[in-house]
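For reference, the structure discussed in these notes is given below.
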Amino acid sequence: MSMDSQDPRMLIPCARALADSGRKMEAETLLKRACEVDVENPAPLIFLGILYYDMGRFGEAIAAFNECLKRQPRNALARSYRALAQFASGERGEALGFFRESGIPESNVDFLARFCILFENELLVNQGTPSDADEEPPPNAGMPLRSSERREILKSSMKCLDSGDYASAAKGFRTLYEQGVHTKEVVFYLALSLMELGRYEMAKKIILERLREESDSPDPHLMVLLANVYLLLKEFDRGFTLLKSVPVHGPDDYNVTYSLGIAHLLSGDREQAREWFVRAFRNYYIDTVQGNLLPLLKKISLLT
């Protein structure tokens with residue numbers, strides 16, 4: 001393909017190939033040329049804005065997306081990428097307000113991967129110091145509960161977990177656990193609640209106890225959760241090894257693949273993280289927005 005082509009249909013894919021190979025300055029030159037050649041075409045400006053975003057030049061990215069929107073005001077992808085750049089540049093309230101009001105373009109996997117890198121990294125930065133201090137025994141830990149009481153505790157604990165009240169959720173699930181209710185559901189959600197509170201060692205202990213009981217056929221959801229505990233404890237080798245050993249079938253493929261994206265993000269390799277996030281969104285079907293992106297957005301909103 002000629003680098004001197006004046007056809008944006010050739011300049012844009014060539015520029016994207018250069019950017020993917022790390023030759024971002026050359027890609028910038030070609031995209032600027034495409035903008036000059038066809039001043040009414042918004043496409044080169046979108047890709048130029050994405051390039052600037054990936055380079056950390058957020059002000060220039062916002063300017064490129066704004067120029068694109070002058071030509072095509074209803075371009076949803078440009079508006080969504082502009083919100084990402086705004087959040088990254090410090091305009092967090094406006095960016096989060098946009099996503100809450102306008103939604104997330106779930107059909108564009110490249111955007112979703114960048115969305116997850118930005119916001120998952122924000123959570124990791126703000127996860128705080130792990131804490132495994134001793135706690136008071138949960139209420140009724142030593143008092144036998146009727147089955148109806150157990151069901152009510154499970155129901156209320158799930159509500160607390162869904163609302164982000166992780167301390168109350170952990171207390172409820174732990175009450176059940178201390179009562180000898182060691183079902184996969186209780187173990188999973190107790191460990192998840194503890195992880196949200198930064199109590200990684202306790203979460204690890206509880207998961208390992210359950211997995212030892214089912215050594216012949218370990219539950220893949222618990223294995224993925226344990227791998228994420230290892231990653232949060234910065235035991236990267238264990239986390240990677242466990243994720244790659246999980247027997248995946250159906251929806252579990254998504255969980256493993258997405259977690260490998262988190263693993264690479266934690267280890268500092270954003271390019272590999274993006275590849276794994278793209279693979280998760282492209283290859284495996286789940287309700288991405290409801291099951292993953294909106295909960296992520298909610299957590300970020302609580303931090304901001």
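The values are calculated or read from the model by the stated rules, or taken from the named source; none is laboratory data. In this text the structure is predicted, and so the values were computed from the model without any measurement. FYI the Cβ positions are ideal-geometry reconstructions off the backbone, even for glycines, and counts take in every protein chain you see.
Please indicate, with yes or no, whether at least one residue in segment 233-243 is crowded, with 17+ Cβ neighbours inside 10 Å, part of a loop (DSSP other than H, G, I, E, B) and either among the hydroxyl-bearing types (Ser, Thr, Tyr) or in contact (Cβ under 8 Å) with a residue 24 or more places away in the chain (or both). The answer is no; no qualifying residue exists. Scanning segment 32-86 for residues that are among the β-branched types (Val, Ile, Thr) and more than 23 Å from Leu293 (Cβ to Cβ) gives Val37, Val39. Going by the structure shown, is Leu31 modelled with pLDDT under 95 and aliphatic (A, V, I, L, M)? So Leu31 passes the test.
For Pro247, the stated conditions do not hold, so it cannot be described as in a loop (DSSP other than H, G, I, E, B) and either surrounded by 15 or more Cβ atoms within 10 Å (Cβ to Cβ) or touching a Lys or Arg at 6+ places or on another chain (Cβ under 6 Å) (or both).
Pairs meeting the criteria (first residue in segment 39-65 and on the phi > 0 side of the Ramachandran plot, second residue surrounded by fewer than 23 Cβ atoms within 10 Å (Cβ to Cβ) and modelled with pLDDT of 95 or more, beta carbons under 9 Å, at least 6 apart or on different chains) are Gly56/Ala88.
Each residue in segment 177-204 was checked for being part of a helix (DSSP H, G or I), closer than 22 Å to Arg150 by Cβ and free of Cβ contacts under 8 Å to residues at least 60 places away in the same chain, and 14 of them qualify.
Checked against (1) over 23 Å from Phe87 (Cβ atoms); (2) touching a Leu at 6+ places or on another chain (Cβ under 7 Å); (3) in contact (Cβ under 8 Å) with a residue 60 or more places away in the chain, Arg210 meets all criteria but (3). Of the listed requirements (1) surrounded by 12 or more Cβ atoms within 10 Å (Cβ to Cβ); (2) modelled with pLDDT of 90 or more; (3) part of a helix (DSSP H, G or I), Leu124 misses just one: (2). Being modelled with pLDDT under 90 and in a helix (DSSP H, G or I) is the requirement here; does Asp216 meet it? No, not satisfied.
Looking at the structure I just gave you, is Arg100 farther than 30 Å from Gly291 by Cα and part of a helix (DSSP H, G or I)? No.
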